[in-house]
């Protein structure tokens, strides 16, 4: 059996049973609302408002730009510290999701957050990065050419000694927060509420797309597709780390690659 097939079709861990107690179900619903109100759900609302603001401008979307990693202060040291604080916040968001699942009696191994198969998880992540990354770039360039997306600048940080390490940390922070919260945490909680797998998958994918709306319609569609693929992989395997690794690889290439190629190639908006 090939490595890819073995990764895609392992024995599925025991899943949490749907909760029957109304009090427990209500507590989970409240928890979901609170968690996403202070993390990626709020980011989705702010992203929607950002897109609406862009649509009201006289300039077409393609003539407007948005930066993902931008300077945060005039002073180089303060800029570095604020960048690191943003990364720390992302890791804290992901840690919150893991803690709430563990505190609720769900072993982290059941959501694939254990260290039992690091090399296979990394190989799976590399495969996901290749599957999503190249088509994702093509979708962005197409949407931009059609005027459906803003010009996305993965990094506008100055060329300082700490730029590359910070961009790598930012990539891992984004991947950890998103894959923990929007996949492992959310889908586990929805299983406990008894939602069907397909309905849960769409909720997760649309939420992922929502906080990328600031990039335009192309960013929304591309991330919904990514959410469907990543969510289905997790539903089949219950392995978290391949998603984190794959997402991080995509972002590292985008962030560091853009910083290196900006202004040097003609095909990059």
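Rule-based calculations on the coordinates, nothing more; no lab input. No experiment lies behind these values; they were computed from the predicted model shown. Please note: Cβ atoms are built from the backbone with ideal geometry, for glycine as well, and neighbour counts cover all protein chains shown.
Which angle between 0 and 90 degrees, to the nearest 10, do you get for helix 22-38 versus the longest principal axis of the chain when only C-alpha atoms count?
10 degrees
Highest mean first, how do 133-139, 181-187 rank when packing is the count of other Cβ atoms within 10 Å averaged over residues?
181-187, 133-139
Could you give the C-alpha radius of gyration of the range 84-123 expressed as a fraction of 2.2 N^0.38 Å, taking N as the number of residues it contains?
1.39
Expressed as cubic angstrom per residue, what is the convex hull volume of the alpha carbon set of the range 71-163?
Spread over its residues, the Cα hull of the range 71-163 gives 175 Å³ apiece.
In degrees, nearest 10, range 0 to 90: what is the angle between the Cα axis of helix 197-210 and the longest Cα principal axis of the chain?
20 degrees
What is the distance, in nm, between label points placed 7 Å from the Cα along the Cα-to-Cβ direction at residue 92 and at residue 168?
2.5 nm
Any chance you could list the semi-axes, whole Å, largest first, of the equivalent ellipsoid that the Cα gyration tensor gives for the range 20-261, using √(5λ)?
In descending order the semi-axes read 29, 21, 18 Å.
Which three semi-axes in whole Å describe the equivalent ellipsoid of the range 122-262, each the square root of 5 times a Cα gyration tensor eigenvalue, listed largest first?
26, 18, 13
If we count other beta carbons within 10 Å of each Cβ, what is the order of 232, 163, 115, fewest first?
Exposure proxy ranking, most exposed first: 115, 232, 163.
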